[in-house]
Amino acid sequence: MNIIDIITKKKNHEPLTTEEIKYVIENYLNDNIKDYQMSSLLMAIVLNGMNEEEINSLTKFMLESGDRIDLTSLGTAVADKHSTGGVGDKTTLIVAPLVASCGVKVAKMSGRGLSHTGGTIDKLEAIPGFVTNLTEEEFLNQVNNIGLSIITSTKNLVPADKKIYALRDVTGTVESPALIASSIMSKKIASGSHNLVLDIKVGSGALIKDLETAKELANIMIKIGNSNNMKVICLLTNMDIPLGNNIGNTLEVEEAINILMGKTDGPLKELCVAIASYMVSLGLNISYEEAEKQILDNLKTGKAYTKFLEFVQAQHGDLSKMTKKANIYQVKTNKPGYLTNIDAYKLGRLSMELGAGRENKEDTIDYSAGIIINKKINDYLNIDDVVYTVYTNKDINNLKFDIFTLSETPIENPKLIYEIIK
Ligand code: URA
């Protein structure tokens with residue numbers, strides 16, 4: 001077997017055999033297949049796709065490339081969630097304590113942000129003292145004690161994905177349902193939960209730009225999950241506009257706290273309630289309606305917020321020390337009109353350039369940096385109204401701030417959840 005024949009086969013629209021996929025994963029990991037050969041194969045996969053059997057094999061050999069976490073000691077009331085990534089997506093910070101407050105354990109491994117999308121670990125590390133690298137024993141003990149822990153990966157989970165994803169990121173080969181599904185599902189299966197809620201983001205600020213591709217991805221991931229003893233529910237949700245009002249690490253923690261304290265309503269809360277209710281319904285094997293009732297009760301009574309405080313304390317975070325040391329700039333309108341678009345992608349890029357994210361893996365983050373959106377879609381704005389507020393320690397002279405659209409008439413209110421696929 002050799003890689004050139006395998007690339008040629010995929011280039012000619014022929015399916016790869018299980019043995020060929022095994023050969024590719026093993027030989028790329030041990031450097032026998034070079035980055036330029038792998039890039040070529042990945043591009044052929046992006047262009048010509050993979051059938052179900054190929055995707056299952058790819059997921060299997062990626063999974064087998066590393067360790068797995070065994071969560072059986074936590075019992076059956078365990079659930080996980082995953083978002084395909086977006087701008088201002090702080091749902092995990094809200095959903096995890098909400099779900100844990102209902103008696104469903106959340107033992108979650110999360111990632112850092114890259115490019116215009118954020119990552120949960122960076123947001124948690126905006127809380128001074130918060131420790132994200134617990135040992136596996138500490139992690140499982142904490143979940144057993146308080147029902148919840150969120151950490152970076154303790155083990156060598158799916159090293160094949162780490163290597164392939166890094167290559168995809170710099171070769172324009174991220175946007176393939178087959179590659180995204182095998183990448184996400186191999187990590188989720190390796191992380192040990194048997195109940196998974198996936199939030200597939202669709203729109204300008206997301207990896208997936210259209211609903212049809214999102215549906216295809218959802219169906220592939222559900223099939224992979226089911227054949228690995230995992231129940232999967234997919235929510236297809238809007239990422240044309242950012243989720244919630246705050247973007248940037250400290251700002252997002254503050255917004256999450258406001259939701260948990262019952263101070264804010266709106267689409268962010270609505271989505272968190274939906275994701276959390278599906279997780280509780282899977283974890284406790286009850287109806288969505290029963291689960292939603294518990295979730296709403298725990299938000300109202302403050303039980304979910306208390307769980308969040310317990311979680312932060314258990315991982316040594318000190319919320320009283322969280323500060324925003326940054327210069328503040330207000331971006332105002334220069335004409336009147338209805339606010340009809342806030343471009344999630346451009347906002348995410350701007351937030352990264354303000355210091356809230358990384359362009360390259362080695363960049364450091366300014367936790368104080370970010371953006372607060374002061375208006376909602378369809379608000380009518382007069383000249384000099386503040387549309388959004390910028391927090392940064394950088395020189396802003398070369399940055400572009402043209403990220404919103406004003407129109408003479410309002411638009412139909414954007415949908416939050418397009419579809420739920422089980
Ligand atoms: N997130 C992942 O982990 N993998 C992908 O391929 C895309 C998003």
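The values are calculated or read from the model by the stated rules, or taken from the named source; none is laboratory data. Please read these numbers as outputs of a predicted model, since none were measured by experiment. All Cβ positions, glycine included, derive from the backbone under ideal geometry; neighbour counts span all protein chains shown. Surface areas here come from the heavy atoms of the whole protein model, side chains and all, with no ligands, DNA or RNA. Shrake-Rupley method; radii C 1.70, N 1.55, O 1.52, S 1.80 Å.
Side notes on the structure shown:
- Of the residues in segment 168-182, not one is open to solvent by 10 Å² or more (accessible area, probe 1.4 Å), without any contact (Cβ under 8 Å) to a residue 24 or more places away in the chain and either among the acidic types (Asp, Glu) or away from the ligand (no atom under 16 Å from the Cβ) (or both).
- Only one of the numbered conditions (1) open to solvent by 10 Å² or more (accessible area, probe 1.4 Å); (2) on the phi < 0 side of the Ramachandran plot is not met by Gly262, and that is (2).
- The residues of segment 143-164 that are crowded, with 20+ Cβ neighbours inside 10 Å and outside any loop (DSSP other than H, G, I, E, B), listed by number, are Val143, Leu148, Ser149, Ile150, Ile151, Leu157, Ala160, Asp161, Ile164.
- Residue satisfying all of: in segment 327-377; within 19 Å of the chain's Cα centre (by Cα) and polar (S, T, N, Q); farthest from Glu254 (Cα to Cα) among these: Asn360
- Lys201 being of a type in the set (Lys, Arg), over 25 Å from Leu41 (Cα atoms) and within 13 Å of the ligand (Cβ to nearest atom): yes
- Qualifying residue in segment 115-127 (condition: buried (at least 20 other Cβ atoms within 10 Å of the Cβ) and within 11 Å of the ligand (Cβ to nearest atom)): yes
- Residue within segment 183-198 that is part of a helix (DSSP H, G or I) and more than 16 Å from Ile69 (Cα to Cα) present: yes
- Residue match in segment 237-249 (condition: touching a Phe, Trp or Tyr at 6+ places or on another chain (Cβ under 6 Å) and touching a residue at least 40 places away in the same chain (Cβ under 8 Å)): yes
- Pairs meeting the criteria (first residue in segment 7-30 and in a helix (DSSP H, G or I), second residue charged (D, E, K, R), beta carbons under 7 Å, at least 6 apart or on different chains) are Ile21/Glu54; Tyr28/Lys163; Leu29/Lys163.
- For segment 388-422, a residue qualifies if it is within 30 Å of Met221 (Cα to Cα) and either among the charged types (D, E, K, R) or modelled with pLDDT under 95 (or both), and the qualifying residues are Asn413, Pro414, Lys415, Glu419, Lys422.
- The lone exception for Asn133 - which of (1) farther than 25 Å from Glu216 by Cα; (2) touching a Ser or Thr at 6+ places or on another chain (Cβ under 8 Å); (3) outside any helix (DSSP H, G or I); (4) open to solvent by less than 20 Å² (accessible area, probe 1.4 Å) it fails: (4)
- Being in a helix (DSSP H, G or I), in contact with a Leu (Cβ under 7 Å, 6 or more places away or on another chain) and more than 9 Å from the ligand (Cβ to nearest atom) is a property that holds for Ala214.
- Residue in segment 75-87 that is in the same structural domain as Ile259 (by TED's automatic domain parsing) and touching a Pro at 6+ places or on another chain (Cβ under 9 Å) present: yes
- Segment 72-86 - residue that is in a loop (DSSP other than H, G, I, E, B) and within 16 Å of the ligand (Cβ to nearest atom) and, of those, surrounded by the most Cβ atoms within 10 Å (Cβ to Cβ): Gly86
- Yes/no for Ile121 being free of Cβ contacts under 8 Å to residues at least 40 places away in the same chain and under 26 Å from Ser204 (Cα atoms): yes
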